[in-house]
1. Peptides 64-70, 166-172: what's the order by average Cβ count within 10 Å, highest mean first?
2. Mind listing the Cα extents of the stretch 90-129 along all three principal axes, in Å, largest one first?
3. How many nm is it between the label spots at Ile70 and Glu182, if each spot is 7 Å from the Cα in line with the beta carbon?
4. Please express the shape of the stretch 51-199 as an equivalent ellipsoid: the semi-axes are the square roots of 5 times the eigenvalues of the C-alpha gyration tensor, given largest first in whole angstrom.
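Quick note: the coordinates plus some simple rules give every number you see, no bench work behind them. What you see is a predicted model; the values in this text were computed from it and never measured. Glycine also receives a Cβ, built like all others from the backbone with ideal geometry; neighbour counts cover every protein chain displayed.
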Amino acid sequence: MPTSAFPPAAVLPTFDAARRQGRLRQYQLQLIERVQAARSGALAARKELGVMLGGRRCLLDLTQLGEIVIPAGLQIQGVPLAQDWYLGLLAMRGRLTAVIDLARYMGEPACAAGGDSRIITFSPRLGMNCALLVERVLGLRQQRGMQAMSLHDALPWAAQALCDSEGQQWLRLDLAQLVQSERFLDAGFGGAPAHKDIF
């Protein structure tokens, strides 16, 4: 058989790299299955996805989420004259998706894309082709057993603070309310500066 039938050795993945990719793929598939299970009502107890945003633990409703994507290798195209929390546009599955740094939007330090960061798309039912950049995904969390806490300057889309059995505090976010916020809908510098929508 001619040697041209075989690809160069340099392009073949190492065993360790292939194993890591396999584990990552399996983890993503498990998360997707759980998101789909939550949407169908198969999870009796309410579970939400825990993420880290600007050093703050946040909970996202699984029914409001699409997919979880690793940003490595993806190119976010910046948009001139946009707010600093509006990172730009990303081509995903043939569609342009707006990528938001929600930590920056909330007045926290900007989220740096690194090895643990993820891009989480909104569910199509929210009617907005948008995604969030998060520092890392913390896995599924169950509200049962969490205690409600008082929250200063509560907003319609971030109106509930919870404390788990380990004493960790969580901020529950409602993306359906967020996409109706006047400030969120106007990402340009000529937007609504007087509209208070940050902590």
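1. Going by the mean number of other Cβ atoms within 10 Å, highest first, we get 64-70, 166-172.
2. Sorted largest first, the three principal extents are 29, 22, 13 Å.
3. 4.3 nm
4. In descending order the semi-axes read 24, 19, 14 Å.
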